[in-house]
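Reading through the structure tokens given below for one structure.
The values are calculated or read from the model by the stated rules, or taken from the named source; none is laboratory data. Quick caveat, the model's predicted, so the values are computed rather than measured. All Cβ positions, even for glycine, are placed from backbone atoms using ideal geometry, and neighbour counts span all protein chains on display. SASA here: full protein model, heavy atoms, side chains in, ligands and nucleic acids out. Shrake-Rupley method; radii C 1.70, N 1.55, O 1.52, S 1.80 Å.
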Amino acid sequence: MINTESSLFGVRFIGSGSAVPDRVLTNNDLAQMVDTTDEWIASRTGIRERHIADGAGDSVANLAAQAGQKAIAAAGLAPQDIDLIILSTSTSDDLFGTAGRVQKILGAEHAVAFDLVAACSGFVFGLVTASQYIQTGAYKNVLLIGADVLSRWVDWQDRRTCILFGDGAGALVVQASNPSHPQNNLLGFEMRSDGRGNDLLNINYLGRSTFESITMNGQEVYRFAVRRVPEVIEKSLHKANLEVHDLDWLIMHQANQRIIDAVVNRFGIDPAKAVSNMGKYGNTSAASIPIALDEWVQAGKIQADHLIAIAGFGAGLSWGSAVFRWG
Ligand code: UT7
């Protein structure tokens, strides 16, 4: 539970941005590469196309910086105003971290920057982390970016996984509220992990500076998501003294439309409140929630004071949810 009374600083969510590579790979393109069909992919996942990194210009650092730049502008800030950059990614350009490159591209010279690795839960875990730094008074303007280029780590001959993933980045500026007008828009969160499921989704180190391609037990991960994700959404809502019907928007990790549908059915909420854009982007890992958030903000659907729950899940196993008001 967030103790707003002892916090000097509330948290506000004031600007979003996103970026994806230009190159589009459709389901029909994939059907030329592996034994699959548009019908199978669309009906089992909801995915129709995805954006795929094409060369050095589509590095994690570049995509993250493009998304970050837009979020900073949308927040009415300059890069020099940013105190902290958190880059949630599991597909770093450099094992030592990519956040420093993002800082350099942005010219955010006053920031401290680091990577956060939590797979497809990375954006939720990053949002909670950013908020903690703000609530303690350590930092005022935090740029949180979720960026992944999983296409680098996919086995393009494995039809069970290569159809799922796309590349991209999404960003959010999180800001401390003015102490003379305290306003805390982060209302509740719940973060979980269970290492007993660690071998269900991996990109393991093979030795001699080499990693394997992504491996996933799809059915088990699917079952885990449908069972555990609603629990954390309910827990974060409970901490905020809210109920699922209070939500304006539910933004889940964009992994499979059937997972979103199952959660919507379980909650009995209006399906139009469950944000979905995976048809165009596939599963972009830590980027999927902020890309969807930004699309809904750009379209004017998400408006000031709207109540939003986000929920991420994936490798670790890890999963989590946060409930906040926009603006
Ligand atoms: O971001 C991280 C979180 N990840 C996830 O949330 C992924 C969760 N899992 C899933 O979304 C689903 O499990 C998948 C979309 C990955 C797979 O769907 P599924 O309904 O669980 O399919 P399945 O693995 O049970 O496979 C059913 C059949 C199999 O054939 P047999 O053994 O029944 O003959 C597969 O070989 O479908 C076959 N199959 C395919 N057929 C055509 C698997 N991939 C494909 C394909 N095209 N691309």
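Summary table below
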item	result
Those lysines that a straight Cα-Cα span of less than 28 Å connects to residue 301, excepting residues fewer than 8 apart in one chain	70, 140, 235, 239, 273, 280
Histogram of C-alpha separations across the range 211-301, 5 Å bin width, %	3, 12, 21, 24, 21, 11, 5, 2, 1
Share of carbon and sulfur in the accessible heavy-atom surface of the range 11-176 [1.4 Å probe, %]	47 percent
Cleavage-rule hits (GluC sites (Glu not before Pro)) in the range 225-270: DSSP loop, at most 11 neighbouring Cβ within 10 angstrom	243
Cut-off under 5 Å, modelled amide H: who pairs with residue 116 long-range	87, 88, 89
Intensity falloff of the range 108-234 expressed as log10 I(q)/I(0), Debye formula with alpha-carbon point scatterers, at q = 0.14, 0.16, 0.19, 0.22 Å⁻¹	-0.82, -0.99, -1.21, -1.39
Residues of the range 186-325: accessible area per residue with a 1.4 Å probe, Å²	42 Å²
Among beta bridges that DSSP assigns inside the range 11-176, antiparallel share in %, nearest 5	65 percent
Highest-fluctuation residue, 189, 96, 125 considered, GNM on the chain with Cα pairs under 10 Å	96
J(HN,Hα) series, the range 13-20, from Karplus relation 6.51 cos²θ - 1.76 cosθ + 1.60, nearest Hz, glycine and proline x	10, 10, x, 10, x, 7, 7, 9
Carbon plus sulfur fraction of accessible area for the range 223-327, probe 1.4 Å, in percent	46 percent
Cα centre as origin, Lys/Arg/Asp/Glu Cβ charges: the range 11-176 dipole, Debye	460 debye
Vicinal HN-Hα couplings computed from phi for the range 69-75 (Karplus, 6.51 cos²θ - 1.76 cosθ + 1.60; Hz; Gly/Pro x)	4, 5, 5, 5, 5, 5, 7
For the range 19-139: Kirkwood Rh in Å [reciprocal of mean 1/r, alpha carbons]	16.3 Å
Volume per residue that the Cα convex hull of the chain spans, once the total is divided by residue count, Å³	126 Å³
Taking the range 186-325 and dividing mean pair separation by its residue count, relative contact order in percent (alpha carbons under 8 Å, at least six apart)	39 percent
Most positive-pole-ward Cα, 108, 138, 237, against dipole of the chain from beta carbon charges	237
Residue with peak Gaussian network fluctuation, the chain [Cα springs, cutoff 10 Å], from 88, 276, 288	276
Helix 218-239 vs. the chain, principal-axis angle (Cα, 0 to 90°, nearest 10)	10 degrees
Residue-averaged [θ]222 nm for the chain, counting only DSSP H segments that reach four residues, each worth -39500 (n - 2.57)	-9000 deg cm²/dmol
Cα gyration tensor shape of the range 32-79, rounded if a/c is under 1.5, else prolate or oblate by comparing a/b with b/c	oblate
Nearest-ten-degree value, helix 257-267 long axis tilted from longest Cα axis of the chain	50 degrees
Surface accessible to a 1.4 Å probe, residue 120 within the full protein complex, Å²	10 Å²
Degrees, to the nearest 10: 122-135 long Cα axis against longest axis of the chain	10 degrees
Simple Cβ-charge dipole of the chain, Lys/Arg +1 and Asp/Glu -1, about Cα centre, in debye nearest 20	360 debye
